[in-house]
Amino acid sequence: MNIFQKIKNYFTPEESKYTAGQILKWLWEAWKGNRLQAVINASLGLLSVVVSLSAVWAIHNAIDIASGVKPGSIYWAVGLMGLIVLCNFAINIATVWVKNILGIRARNRMQQRLLDRILRSEWHSKEKRHTGDVINRLATDVGHVINFLTETMPNSLSTLALFIGAFAYLYSMDKVLSLVIVAMVPVVIILSRIYMRKMRQLSRDVRTCDSKVQSVLTETVQNRMLIKIMESDDAMIDKLETTQSELRQMVVKRTFFSVIANFVLNFGFSLGYLIAFLWSAIRLSNHTLTFGGMTAFLQLVNRVQGPAKNLTKLVPEFVYVFTSAERLMELEDNPLEEQGRPVYVNAPCGVRLNNVSFAYEEGGNVVENLSFDIKPGSCTAILGETGAGKTTLVRMILALMFPQKGTVEIYNKKECKQLTPLMRCNFVYVPQGNTLLSGTIRDNLLLGKLDATDEEMEEALKVSCAEFVLDLPEGLDTVCSESGGGLSEGQAQRIAIARALLRDRSIMLFDEATSALDPETERNLLQNILAKHDKTVIFITHRPAVMEYCDQTLKIDKI
């Protein structure tokens with residue numbers, strides 16, 4: 001490959017998943033909820049333009065009065081300059097206030113909207129993105145988008161206004177030089193197109209590598225006990241170093257490209273300023289320009305070039321926001337589940353499997369032509385070796401996944417309906433493992449029933465053999481760390497069961513929910529749950545004690 005081909009490849013970006021039109025449409029929709037902050041920032045920016053140009057006139061006026069070029073009181077002239085400075089301070093304070101107060105609200109709203117979209121989307125057994133990557137997008141990319149919509153774009157309006165105002169002022173003083181100064185703008189526009197295309201790809205590579213680093217950090221912290229036991233500390237640090245090294249290389253590559261582009265632009269602006277200085281100095285020496293005029297002249301050149309530089313900075317800002325918008329749009333790619341009002345089926349109700357088959361893309365059939373009737377009010381044990389399809393069956397019953405052949409139905413004496421996500425309201429589910437969230441035990445129980453009273457929570461704890469909570473010094477307000485830290489696995493399981501009991505739905509599904517309990521506690525728990533015979537109960541289990549309490553057994557064989 002010759003050098004010209006290498007240069008061509010360097011400046012040719014990869015194809016993007018979304019068109020510029022699609023991204024702009026998404027940004028427009030995102031901007032709709034943040035108009036107030038954008039309008040306030042734009043208004044403050046325009047006020048700052050007025051103050052900035054007024055400052056140029058005030059300095060010009062004060063110098064001319066001091067040098068005797070024009071009559072007037074120097075005290076009033078300096079007092080006017082001071083008033084303009086105070087106005088500038090007030091605008092800066094207001095800008096900081098708007099950025100900090102309204103800015104955090106805007107970021108919070110977008111994060112809530114995206115998280116709500118993720119929670120309502122279809123569930124997949126194999127997630128496309130690592131948790132660390134998703135968190136990185138919800139934090140960093142949301143921040144980039146909100147800053148662009150509420151600050152960068154409104155501020156660009158004031159920047160453009162300052163550019164036009166300063167140019168008009170400069171043009172009134174010297175037509176030829178003003179045109180020379182702005183002659184580089186078309187060149188900047190041409191160069192910015194090349195810059196934007198390449199920087200968009202480089203920025204996406206950097207963001208992808210940054211997400212990989214966060215993924216390694218998240219996974220390492222979440223599994224630090226396992227890593228300590230396996231004595232794999234060095235291995236995980238080496239893995240982090242590898243991903244960080246990849247990130248550094250991408251940052252170096254992007255920085256190199258950015259430095260060269262900025263050098264070219266700044267060289268042009270600096271050359272323009274030197275020309276302006278020389279021109280004004282010649283006019284001063286020829287007595288066609290006063291010293292105050294020269295001072296104002298050079299300030300105006302700065303106020304023309306400053307906005308021009310800021311406008312060129314919009315190019316990388318567009319690159320960054322396009323990259324962030326793409327990454328957030330990807331979070332919304334997953335289609336939504338069926339949305340609407342929950343569909344309740346009167347209890348007692350059961351679940352019927354009719355010739356159900358399901359296969360994952362990466363393997364053969366997991367469930368094939370399975371038929372079974374989980375009758376209303378019954379207690380059913382589902383058995384099977386690892387990989388036989390028990391978990392898949394649970395997901396189909398909960399309408400998280402759907403059979404590729406056959407149907408899964410919920411029914412009672414009067415009606416029979418094919419299961420959909422809207423019917424998930426009829427189920428209580430206790431997954432295997434520790435599923436408690438950080439916070440108090442009360443917070444965890446309220447997930448089952450938001451308006452549960454203390455009496456209801458205490459009763460649920462007693463039924464689930466979790467009375468130990470009431471004996472803790474803080475009782476229901478005992479704080480648990482992440483994943484129920486501070487509690488044993490058995491204690492966490494019983495609290496999770498109490499949370500499910502508070503939900504109080506007609507079909508209860510327990511997935512190895514008693515695996516961490518001792519035999520006596522397990523028997524007491526099962527007796528309590530099954531005492532009223534008013535629920536349809538399904539146990540996914542390997543425990544003989546559980547099967548003894550069941551009316552029927554469904555054994556799934558591995559295909």
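The values are calculated or read from the model by the stated rules, or taken from the named source; none is laboratory data. Predicted, not measured: the structure shown is a model, and the values here were computed from it. All Cβ positions, even for glycine, are placed from backbone atoms using ideal geometry, and neighbour counts span all protein chains on display. Quick note on the areas: whole protein, heavy atoms, side chains included, nothing else; ligands and nucleic acids left out. Shrake-Rupley method; radii C 1.70, N 1.55, O 1.52, S 1.80 Å.
Does ILE146 count as under 30 Å from THR435 (Cα atoms), modelled with pLDDT of 70 or more, open to solvent by less than 80 Å² (accessible area, probe 1.4 Å) and of a type in the set (A, V, I, L, M)? Spelling it out, it is not the case that ILE146 is under 30 Å from THR435 (Cα atoms), modelled with pLDDT of 70 or more, open to solvent by less than 80 Å² (accessible area, probe 1.4 Å) and of a type in the set (A, V, I, L, M). Out of all the residues in region 412-423, is one or more surrounded by fewer than 18 Cβ atoms within 10 Å (Cβ to Cβ), of a type in the set (D, E, K, R), at pLDDT below 90 and touching an Asp or Glu at 6+ places or on another chain (Cβ under 9 Å)? No: region 412-423 contains no residue that is surrounded by fewer than 18 Cβ atoms within 10 Å (Cβ to Cβ), of a type in the set (D, E, K, R), at pLDDT below 90 and touching an Asp or Glu at 6+ places or on another chain (Cβ under 9 Å).
Take the conditions among the charged types (D, E, K, R) and either more than 12 Å from ILE559 (Cα to Cα) or in a strand (DSSP E or B) (or both) and apply them to GLU385. Does it pass? Break it down stepwise before answering.
Numbers: among the charged types (D, E, K, R): yes; either more than 12 Å from ILE559 (Cα to Cα) or in a strand (DSSP E or B) (or both): no.
Considered against the rule, which asks whether it is among the charged types (D, E, K, R) and either more than 12 Å from ILE559 (Cα to Cα) or in a strand (DSSP E or B) (or both), GLU385 comes out as no.
Among the listed residues LEU119, LEU102, LEU115, which satisfies the condition of being touching a helix residue (DSSP H, G or I) at 6+ places or on another chain (Cβ under 8 Å) and open to solvent by 80 Å² or more (accessible area, probe 1.4 Å)?
Numbers: LEU119 fails: touching a helix residue (DSSP H, G or I) at 6+ places or on another chain (Cβ under 8 Å); LEU102 fails: open to solvent by 80 Å² or more (accessible area, probe 1.4 Å).
Result: LEU115 is the single residue among LEU119, LEU102, LEU115 that is touching a helix residue (DSSP H, G or I) at 6+ places or on another chain (Cβ under 8 Å) and open to solvent by 80 Å² or more (accessible area, probe 1.4 Å).
Checked against (1) among the aliphatic types (A, V, I, L, M); (2) free of Cβ contacts under 8 Å to residues at least 60 places away in the same chain; (3) within 21 Å of ALA498 (Cα to Cα), VAL408 passes all but a single condition, namely (3).
From the list SER178, SER215, the one residue that fits, being under 30 Å from VAL252 (Cβ atoms), among the small types (Gly, Ala, Ser) and either part of a helix (DSSP H, G or I) or at pLDDT below 70 (or both), is SER215.
Residues that are open to solvent by 20 Å² or more (accessible area, probe 1.4 Å), of a type outside the set (Gly, Ala, Ser) and free of Cβ contacts under 8 Å to residues at least 40 places away in the same chain within region 471-493 comprise ASP471, LEU472, PRO473, GLU474, ASP477, THR478, GLN491, listed in sequence order. Within the set PHE358, PHE427, the sole residue that is in contact with a strand residue (DSSP E or B) (Cβ under 7 Å, 6 or more places away or on another chain), modelled with pLDDT of 90 or more, aromatic (Phe, Trp, Tyr) and crowded, with 18+ Cβ neighbours inside 10 Å turns out to be PHE427.
Candidates are the residues of region 46-87 that are within 30 Å of THR152 (Cβ to Cβ) and among the small types (Gly, Ala, Ser); the one that is least open to solvent (accessible area, probe 1.4 Å) is ALA58. Pairing each residue of region 319-334 that is on the phi > 0 side of the Ramachandran plot and free of Cβ contacts under 8 Å to residues at least 24 places away in the same chain with any residue that is polar (S, T, N, Q) and assigned to a helix (DSSP H, G or I), provided the two are 6+ apart or on different chains, yields no C-beta distance under 8 Å. A Cβ distance below 8 Å, combined with a sequence gap of six or more or placement on separate chains, defines the contacts here; from region 503-514, residues that are on the phi < 0 side of the Ramachandran plot and surrounded by 22 or more Cβ atoms within 10 Å (Cβ to Cβ) reach residues that are among the aliphatic types (A, V, I, L, M) and assigned to a loop (DSSP other than H, G, I, E, B) in the pairs SER506/VAL345; SER506/ALA347; LEU509/LEU398.
Screening GLU458 with (1) surrounded by 17 or more Cβ atoms within 10 Å (Cβ to Cβ); (2) of a type in the set (D, E, K, R); (3) in contact with a Leu (Cβ under 6 Å, 6 or more places away or on another chain) gives one miss only, at (3).
If you take just the helices (runs of 4 or more DSSP H) that sit entirely in region 445-559, which of them hold at least 3 residues that are within 30 Å of ARG352 (Cα to Cα)? Reasoning before the result, please.
Values: elements: 454-463, 468-471, 489-503, 519-530, 544-547.
Once the helices (runs of 4 or more DSSP H) in region 445-559 are filtered for at least 3 residues that are within 30 Å of ARG352 (Cα to Cα), what remains is 489-503, 519-530, 544-547.
Report yes if LEU517 is among the aliphatic types (A, V, I, L, M), at pLDDT 85 or above and open to solvent by less than 30 Å² (accessible area, probe 1.4 Å), otherwise no. Outline the logic, then answer.
Working: among the aliphatic types (A, V, I, L, M): yes; at pLDDT 85 or above: no; open to solvent by less than 30 Å² (accessible area, probe 1.4 Å): yes.
Answer is no for this residue.
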